[in-house]
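Quick notes on the structure that follows.
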Amino acid sequence: MDVEVNYSLAAGKTFRIVSEGGSGLLREKVLKRALDSEREATQEARATALTQANYRFKLEGSDLQENRPAYIFEVEPVTPSKF
């Protein structure tokens with residue numbers, strides 16, 4: 001299955017199936033369901049954005065990686081979500 005993905009600020013991600021091949025069972029039960037989940041997550045972008053409104057952040061530590069600062073956070077969702 002070949003899928004074209006486009007992104008615009010107004011619409012977010014959009015998906016278009018360009019071609020399909022291989023196992024019909026795999027396409028229907030796995031790949032198309034994965035696309036449906038991606039579409040749904042895109043529509044819920046505000047609710048799943050990595051912000052303090054959606055997640056609690058706790059600084060666990062810091063380090064230098066290739067002479068650049070790196071930070072380690074514990075991230076916990078404020079409300080349960082399948083995304």
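The values are calculated or read from the model by the stated rules, or taken from the named source; none is laboratory data. What you see is a predicted model; the values in this text were computed from it and never measured. Reconstructed Cβ throughout: ideal geometry from the backbone, glycine too, with neighbour counts over all protein chains shown.
What the table below lists for this structure:
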read-out: Matching residues, the range 1-56, being closer than 24 Å to Thr79 by Cα and among the hydroxyl-bearing types (Ser, Thr, Tyr); value: Ser37, Thr42, Thr48, Thr51, Tyr55
read-out: Neighbours by Cβ (under 8 Å, 6+ apart or cross-chain): first from the range 2-23, in contact (Cβ under 8 Å) with a residue 24 or more places away in the chain; second among the hydrophobic types (A, V, I, L, M, F, W, C) and exposed (fewer than 10 other Cβ atoms within 10 Å of the Cβ); value: Val3/Val18
read-out: Selection within the range 12-57 - in contact with a Ser or Thr (Cβ under 9 Å, 6 or more places away or on another chain), modelled with pLDDT under 80 and either of a type in the set (S, T, N, Q) or exposed (fewer than 12 other Cβ atoms within 10 Å of the Cβ) (or both); value: Thr42, Thr48
read-out: Where Pro77 falls short, out of the listed (1) over 14 Å from the mean Cα position of the chain (by Cα); (2) within 22 Å of Tyr7 (Cβ to Cβ); value: (2)
